[in-house]
Amino acid sequence: MVELVKEKFGNKVEAYQQDLSIGLPKESDESYDLAICPLVIHYIQDLKPLFKDIARVLKPGGKFIFSTHHPFADFEFSQSKNYFDTELVIDEWNTVGRPVEVRFYRRPLQEIMDALTASGLAVMQMSEGQIQEEQKELFGDRYDYLSKNTNFIFMKCVKL
């Protein structure tokens, strides 16, 4: 991913790899207008350090946009069968090439919301990512399922 960003934008942006579970220690306070985190937070056990640091590095009024697994969609993987538990899920994905073991955290929506508000971030907009009819041909048989079931949530937040 870092290489793709460098190829596309060159020296216009700084791109590097970092362990987000410890926050953003390399970044300066109030130095960014926007933080984008697509399909990442479900790999992080404790969201509070990351969200706290995102709020720290955003300028006042700065935006945080992220997507993650929808808590309801992953509930089928729950070992406890308790929606309100946060659980490590070990799954096998066979989307491209050979199957790959993937580990991620399933958590209730309330945990995400609590971590955001405790960090000084407020949700401006949320979408459950309903698939568009234009995608019907691309997804074939899977389109019917995707048009009736949610898989992801998308949130736009602001630093208060």
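Of the numbered criteria (1) within 26 Å of residue 104 (Cβ to Cβ); (2) part of a loop (DSSP other than H, G, I, E, B); (3) small (Gly, Ala, Ser), the one residue 35 fails is (2).
Of note, residue 43 satisfies the criterion of being under 19 Å from residue 102 (Cα atoms), aromatic (Phe, Trp, Tyr), touching a residue at least 24 places away in the same chain (Cβ under 8 Å) and surrounded by fewer than 16 Cβ atoms within 10 Å (Cβ to Cβ).
Condition check ((1) modelled with pLDDT of 90 or more; (2) over 26 Å from residue 21 (Cα atoms)) across all residues:
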| position | (1), (2) |
| --- | --- |
| 68 | yes, no |
| 77 | no, no |
| 80 | yes, no |
| 100 | yes, no |
| 107 | yes, no |
| 125 | yes, no |
| 141 | no, yes |
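Applying a threshold of 7 Å to beta carbon distances and a minimum spacing of six or more residues, or different chains, the list of pairs starting in the stretch 127-143 at a residue that is touching a residue at least 40 places away in the same chain (Cβ under 8 Å) and ending at one that is surrounded by 13 or more Cβ atoms within 10 Å (Cβ to Cβ) and hydrophobic (A, V, I, L, M, F, W, C) reads 128/153; 129/152; 129/153; 129/154.
Pick from the stretch 70-106 the residues that are under 18 Å from residue 154 (Cα atoms) and in contact (Cβ under 8 Å) with a residue 40 or more places away in the chain: which of them is surrounded by the most Cβ atoms within 10 Å (Cβ to Cβ)? Filtering the stretch 70-106 for residues that are under 18 Å from residue 154 (Cα atoms) and in contact (Cβ under 8 Å) with a residue 40 or more places away in the chain, the one surrounded by the most Cβ atoms within 10 Å (Cβ to Cβ) comes out as 106.
The values are calculated or read from the model by the stated rules, or taken from the named source; none is laboratory data. Remember, predicted model here, so these are calculated numbers, not experimental data. Here Cβ is always computed from backbone atoms with ideal geometry, including for glycine, and neighbour counts include all displayed protein chains.
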